[in-house]
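**Q** Pasting in a structure now, in structure tokens, and then I'll have a few things to ask.
The values are calculated or read from the model by the stated rules, or taken from the named source; none is laboratory data. This structure is a prediction, so every number in the text was calculated from the model and none was measured. Methodologically, a virtual Cβ is constructed for each residue, glycine included, from the backbone with ideal geometry; neighbour enumeration extends over all protein chains shown. Accessible surface is based on the protein model in full, side chains and every heavy atom, while ligands, DNA and RNA are left aside. Shrake-Rupley method; radii C 1.70, N 1.55, O 1.52, S 1.80 Å.
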Amino acid sequence: MPIVAVQSFLLSLLDELPMPSGLPDAKAYVTPPDPRVNAKVPAIYIWPSDGDENRSEQLGGTVPRNTGPGTPSGTKGMRHMFDIYVTWFAAGSGKSQDPLFPGIVDAVMYKLRFSQPNPVDITDPNTEQASTIYNVGEEMTYRTGIASTTDERWKRYDALIGVAAWEIFRA
């Protein structure tokens with residue numbers, strides 16, 4: 001089903017996302033640019049990871065599929081999991097630097113948590129299948145990391161946010 005459409009919706013939510021503390025707006029991508037030369041701008045990469053599809057009521061599906069010839073089909077639900085990679089480079093030290101990257105992660109999670117519109121009707125650009133995306137950001141996990149670069153004045157900050165997006169369609 002429309003993994004591409006859900007990925008595009010997440011991209012539309014996160015591209016040009018305002019950042020805290022006067023940092024430049026984040027730039028979101030599906031495919032990372034090569035080379036990425038503006039490392040001071042927080043970057044967000046969106047990639048599908050896992051998913052479930054079935055007719056269970058939990059995912060919004062209906063059983064039976066249909067009741068006979070010429071009757072409408074039922075619905076199926078999908079629970080997509082996407083990995084949202086966040087990366088940022090910064091020079092600096094001291095306590096003033098400490099809250100900046102966690103604030104970036106908070107801004108991304110806030111945007112996902114309160115995504116609008118929710119639900120949203122979409123059409124997959126490849127299949128032209130219509131569906132509805134909902135519950136974006138209802139389930140999230142995160143992990144952060146920090147490392148020094150070769151030039152130890154610079155730090156590389158990374159986060160991996162796992163976010164669920166549910167979808168329902170006729171099938």
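**Q** Leaving out ligands, DNA and RNA, what percent of the accessible area of segment 1-131 is carbon and sulfur, probe 1.4 Å?
**A** 53
**Q** Okay, moving on. Of the trypsin sites (Lys or Arg not before Pro) in segment 122-167, which ones lie in a loop per DSSP and count no more than 16 other C-beta atoms within 10 Å?
**A** The qualifying sites are 153.
**Q** How many Å² of accessible area per residue for segment 36-127, probe 1.4 Å?
**A** 57
**Q** To continue, here is another question. Which ³J(HN,Hα) values in Hz, rounded to whole numbers, follow from the phi angles of segment 47-58 under the Karplus curve 6.51 cos²θ - 1.76 cosθ + 1.60, where θ = phi - 60° and Gly and Pro get x?
**A** 9, x, 10, 10, x, 10, 9, 6, 9, 4, 4, 4
**Q** For residue 39 and residue 171, FRET efficiency with R0 = 41 Å and r from the beta-carbon atoms, rounded to 0.05?
**A** Plugging the Cβ-Cβ distance into 1/(1 + (r/R0)^6) gives 0.40.
**Q** What is the spread of the Cα atoms of the chain along each of their three principal axes, largest first, in whole Å?
**A** For the chain, the Cα extents along the three principal axes come out at 69, 28, 25 Å.
**Q** Run the numbers for residue 129 and residue 153: contour at 0.36 nm per residue of separation, minus the present Cα-Cα distance, in nm.
**A** Stretched fully, the residue 129-residue 153 segment lengthens by 3.7 nm.
**Q** Let me ask another. Tell me the angle of helix 100-113 to the major Cα principal axis of the chain, expressed in degrees between 0 and 90 and rounded to the nearest ten.
**A** Approximately 10 degrees, to the nearest 10.
**Q** Given 0.36 nm per residue, what is the gain on full extension from residue 15 to residue 83 after removing their alpha carbon distance, in nm?
**A** 23.0 nm
**Q** How tilted is helix 3-14 with respect to the longest principal axis of the chain? Cα atoms for both, answer in degrees (0 to 90, nearest 10).
**A** Orientation of helix 3-14: about 40 degrees from the principal axis.
**Q** Shifting gears a bit: Where the centre of each part is set by its Cα atoms, how far does segment 1-63 sit from segment 83-155, in angstrom?
**A** The two parts, judged by their Cα centres, are 8 Å apart.
**Q** How much net charge surrounds residue 160 when only other residues with a Cβ under 10 Å from its Cβ are counted (Lys, Arg +1; Asp, Glu -1)?
**A** Result for the neighbourhood of residue 160: -1.
**Q** I'd like the GluC sites (Glu not before Pro) in segment 9-102 restricted to DSSP loop residues with at most 16 other Cβ atoms within 10 Å, sorted by number.
**A** Taking segment 9-102 and a limit of 16 other Cβ atoms within 10 Å, the loop GluC sites (Glu not before Pro) found are 16.
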